[in-house]
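Read through the structure below, which is laid out as structure tokens, and then see the notes.
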Amino acid sequence: MKALITFKYTDEEFKTLKELGYEIIFQDEKDLTFSDDIKDAEVLVCFDPFKKLDIDMLPKLKWIQLLSAGINQVPVDKVLKRNIILTNNRGGYSIPIAEWIVLKTLEMYKNSWEFYKKQENKEWKVDTSLFEIYGETIGFVGTGSIAQEAAKRFEGFGVNIVGVNATGKKAEYFHECYSTNRLNEVVSKWDVLVVAAPYTDKTHHLINEEVFKNIKDGTYLINIARGSIIDEKALIENLKSGKIRKAALDVFEAEPLPKDSPLWDMDNVIISPHNSWASEMNAKRRYEIAYKNMKKYINSEKLINVIDIKKGY
């Protein structure tokens, strides 16, 4: 069975994948070109080769293993038409992103940015305007693996953890969960709004002016999902007014964030360049998900992290 892999694993990792019974063809995504040796690939392990590779040129392709959590890059119509199985790296980035969510919450509450500025200027000045997160309500839009890892880490802080998801189903480590159609109602009780939902047609601009009207004055906001889940123009206006006290943003509607974006110059915004996923463990986890699923696939076992493409998760 032939597998096309477009991510550079170590020689030892490639060896263990071959030992499962695959003929491995490696082409780096940056230099990917179609050739006869990949034409018969039944398996594709990748991030985003789809701008360079038309999967219709792989007539035997039956399964795509994404090494990303998001699926926005996938040619969904072609995958659906051909009934290709799609799996992703759900959970592979959950731990570092969860740590980032906790870090940014504390940074905003403890005004860390101002202390860093004081240190640069050798300024000794006490700040008594700091807040505790103890007793606060942390609200998550999206209760998947990232949100659950973050909620688990928040438990020791004595906070109330609330989530919103498509159906209101219960999620581990959450004290309460509600359906998305109750977002405007429940968001009014949150002190921190964390966006952790997958990006789909249904979540485009889910956090919009109507939601901002319903939140508390002085709410903190964190986005580690996708920039277009938030109406960025509405966000900017609510940051200016103070309705959003502070925001920690790792994702944006346009990336890289344009240099003329007003977000760069706002004192109440922490910007990072879509970096919350980064960790020294990522490469290991990318290998582990590929190995586990490739072992299952060649043994005709049920795969993990199968995506329901019609629903987007």
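The values are calculated or read from the model by the stated rules, or taken from the named source; none is laboratory data. All figures in this text were calculated on a predicted structure; none of them were measured in a lab. Methodologically, a virtual Cβ is constructed for each residue, glycine included, from the backbone with ideal geometry; neighbour enumeration extends over all protein chains shown.
Points to keep in mind about this one:
- Among helices (runs of 4 or more DSSP H) entirely within region 94-177, having at least 1 residues that are under 18 Å from the mean Cα position of the chain (by Cα) and closer than 26 Å to residue 200 by Cα singles out 94-109, 145-154.
- Region 140-157: number of residues that are farther than 12 Å from residue 101 by Cβ and surrounded by 23 or more Cβ atoms within 10 Å (Cβ to Cβ): 2
- When residues of region 11-43 are limited to those that are more than 18 Å from residue 57 (Cα to Cα) and in contact (Cβ under 8 Å) with a residue 60 or more places away in the chain, the one farthest from the chain's Cα centre (by Cα): 21
- Residue in region 227-244 that is part of a strand (DSSP E or B), on the phi < 0 side of the Ramachandran plot, in the same structural domain as residue 129 (by TED's automatic domain parsing) and buried (at least 16 other Cβ atoms within 10 Å of the Cβ) present: yes
- Count - residues of region 158-171 that are over 16 Å from residue 194 (Cα atoms), surrounded by 11 or more Cβ atoms within 10 Å (Cβ to Cβ) and in contact with a helix residue (DSSP H, G or I) (Cβ under 9 Å, 6 or more places away or on another chain): 1
- Flag if residue 187 is under 23 Å from residue 108 (Cβ atoms), assigned by TED's automatic domain parsing to the domain that holds residue 102, touching a residue at least 24 places away in the same chain (Cβ under 8 Å) and out of contact with any Cys (no Cβ under 8 Å at 6 or more places or on another chain): yes
- Those residues of region 131-174 which are in contact with an Asp or Glu (Cβ under 6 Å, 6 or more places away or on another chain) and touching a residue at least 40 places away in the same chain (Cβ under 8 Å), in sequence order: 136, 137, 148
- Inclusion of residue 194 among residues that are surrounded by 16 or more Cβ atoms within 10 Å (Cβ to Cβ) and not in a helix (DSSP H, G or I) is warranted.
- Among the criteria (1) in contact with a Lys or Arg (Cβ under 7 Å, 6 or more places away or on another chain); (2) farther than 28 Å from residue 186 by Cα, the one residue 217 does not fulfil is (2).
- Beta carbons closer than 9 Å, at least 6 apart along the sequence or on distinct chains, pair a first residue in region 107-130 that is in the same structural domain as residue 266 (by TED's automatic domain parsing) and surrounded by 10 or more Cβ atoms within 10 Å (Cβ to Cβ) with a second that is among the basic types (Lys, Arg) and part of a helix (DSSP H, G or I) for 123/117; 127/118.
- Among the candidates 193, 249, the residue that is closer than 24 Å to residue 96 by Cβ and either polar (S, T, N, Q) or free of Cβ contacts under 8 Å to residues at least 40 places away in the same chain (or both) is uniquely 249.
- Subset tally (residues that are modelled with pLDDT of 95 or more, hydrophobic (A, V, I, L, M, F, W, C) and within 14 Å of the chain's Cα centre (by Cα)) for region 55-93: 2
- Residue 270 being under 14 Å from the mean Cα position of the chain (by Cα) and not in a helix (DSSP H, G or I): no
- Only residues that are free of Cβ contacts under 8 Å to residues at least 40 places away in the same chain, of a type in the set (A, V, I, L, M, F, W, C) and not in a strand (DSSP E or B) were counted in region 206-223, giving 3.
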